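This report refers to the structure that appears directly beneath it.
The values are calculated or read from the model by the stated rules, or taken from the named source; none is laboratory data. These figures come from a predicted structure and were not determined experimentally. Glycine gets a Cβ as well: all are built from the backbone with ideal geometry, and neighbour counts include every protein chain shown.
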Amino acid sequence: MFSTTIAGSLPKPGWLAETHKLWPRWMSEGEALKEAKRDATLLWIKMQEDAGLDIVTDGEQSRQHFVHGFLEQVDGIDFAHKVEMGIRADRYKALVPQVVGPLRLKGRVHAEEARLARAHTKKKLKFTMPGPMTIVDTVADRHYGDRVKLAFAFAELLNEEALALQADGVDIIQFDEPAFNVYMKDAAGWGVEALERAARGLTCRKAVHICYGYGIEANNEWKKTLGEEWRQYEQVFPALAASSIDQVSLECYHSHVPPDLMALLKGKDVMVGVIDVASEVVETPEEVAETIGRALQFVARERLFPCTNCGMAPMDREIAVRKLEALAQGAALARQKYG
Ligand code: ZN
């Protein structure tokens, strides 16, 4: 009961990349960089285990950014000529690569870090990849000319890698779809369809993470415009409840999401965000247990997975570690209280 996990990313150590940044520069290159990525992956597996988490991830230590890390292994994408584009309905500008031809995987994307992680932990292992709709929203298309076609092209590639990750021994494959909270109508239509295409044939647990973004300035400002009640999930959850996806990760603690929206996910595992990644204040175990208690009104106990609201990539490393500990301790407390 209350198996703990994180949304996915963790801060990169200063010897691997720039710290406190969403698109950090690597500190080395070639073989030295590969070695540093491996070391950071192992470090975070150990830290997650020591914190007491039940389901661990590679902390996305091998990718510069959660979307572009995947795109780097895709043929048909021009990384040499990035262009500035407004993303998430123009919420902020990002330098994005361009789609210039038919998409194809150059080879495996995450084999090395997935196998490394698998070899060094007996815990359940989760692996994250960007979802098709979010990828489409984070590249400049100069070839397909149609967001839906492009999304399904990416979904096929994601599926190829997901099946290979499953064969590597990954227990849960999670697709990150922050774009679902921006383009709700499309998300409930072709967004979920493309997601299911990406997850086709998987027999491991299939998850989706939907959030209000990393704790960066542009997102924090945007959240202020969303009003007293954030009801974005309401439009997408029914489509997910009817889909083949097993688990849904959502923001809860410190958000304005009405908790009763979780009831729309009946029959699904719900990863409830009990840790705020936009605040440097570390939650107490009591606060975490309390959030779990609130969610229990709408989610069956065996389906409730305490989680972080979003990734922790741009966060201070020490604070992230303390938040992982609070997550595990809070879940333990909740087991005593509600067990
Ligand atoms: Zn997120």
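A few comments on the model shown:
- Contacts under 8 angstrom Cβ, first residue in segment 301-320 being without any contact (Cβ under 8 Å) to a residue 60 or more places away in the chain and of a type in the set (D, E, K, R), partner away from the ligand (no atom under 14 Å from the Cβ) and not in a helix (DSSP H, G or I), 6 or more apart: ARG303/LYS268; ARG303/ASP269; ARG303/VAL270
- Looking only at residues of segment 224-235 that are under 19 Å from GLY191 (Cβ atoms) and among the polar types (S, T, N, Q), we find that the one that is surrounded by the fewest Cβ atoms within 10 Å (Cβ to Cβ) is GLN235.
Residues checked against (1) away from the ligand (no atom under 16 Å from the Cβ); (2) touching a strand residue (DSSP E or B) at 6+ places or on another chain (Cβ under 6 Å); (3) under 25 Å from GLU84 (Cβ atoms):
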| residue | (1), (2), (3) |
| --- | --- |
| LYS123 | yes, yes, no |
| THR138 | no, yes, yes |
| GLY145 | yes, no, yes |
| LEU150 | yes, yes, yes |
| ASN159 | yes, no, no |
| ASP168 | yes, no, no |
| TYR183 | no, no, yes |
| ASP186 | yes, no, yes |
| GLY189 | yes, no, no |
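- The condition of being among the hydroxyl-bearing types (Ser, Thr, Tyr), part of a loop (DSSP other than H, G, I, E, B) and over 22 Å from the mean Cα position of the chain (by Cα) holds for only one of SER28, SER9, SER3, that being SER28.
- Breaking point among (1) β-branched (Val, Ile, Thr); (2) more than 16 Å from the ligand (Cβ to nearest atom); (3) in a loop (DSSP other than H, G, I, E, B), for THR291: (3)
- Cβ pairs under 9 Å, 6+ apart, first in segment 18-39 and among the small types (Gly, Ala, Ser), second outside any loop (DSSP other than H, G, I, E, B) and surrounded by 15 or more Cβ atoms within 10 Å (Cβ to Cβ): SER28/ALA36; ALA36/ALA17
- All told, ALA334 meets the bar of being of a type in the set (Gly, Ala, Ser), away from the ligand (no atom under 16 Å from the Cβ) and in contact with a Leu (Cβ under 9 Å, 6 or more places away or on another chain).
- Within segment 182-219, being small (Gly, Ala, Ser), assigned to a loop (DSSP other than H, G, I, E, B), within 19 Å of CYS310 (Cα to Cα) and modelled with pLDDT of 95 or more holds for no residue.
- Residue check for VAL67: modelled with pLDDT of 95 or more and touching a strand residue (DSSP E or B) at 6+ places or on another chain (Cβ under 7 Å): no
- Evaluating ALA263 against the criteria (1) away from the ligand (no atom under 16 Å from the Cβ); (2) within 22 Å of ARG317 (Cβ to Cβ) leaves one unmet condition, (2).
- Looking across segment 199-220 at every residue that is in contact with a helix residue (DSSP H, G or I) (Cβ under 9 Å, 6 or more places away or on another chain) and among the small types (Gly, Ala, Ser), the one that is farthest from the ligand (Cβ to nearest atom) is identified as GLY201.
- When GLU177, GLU196 are checked against the criterion of being touching a Ser or Thr at 6+ places or on another chain (Cβ under 6 Å), farther than 19 Å from GLN64 by Cβ and within 16 Å of the ligand (Cβ to nearest atom), a single residue qualifies: GLU177.
- Residues located in segment 236-278, provided they are part of a helix (DSSP H, G or I), touching a helix residue (DSSP H, G or I) at 6+ places or on another chain (Cβ under 8 Å) and surrounded by fewer than 17 Cβ atoms within 10 Å (Cβ to Cβ): PRO238, ALA241
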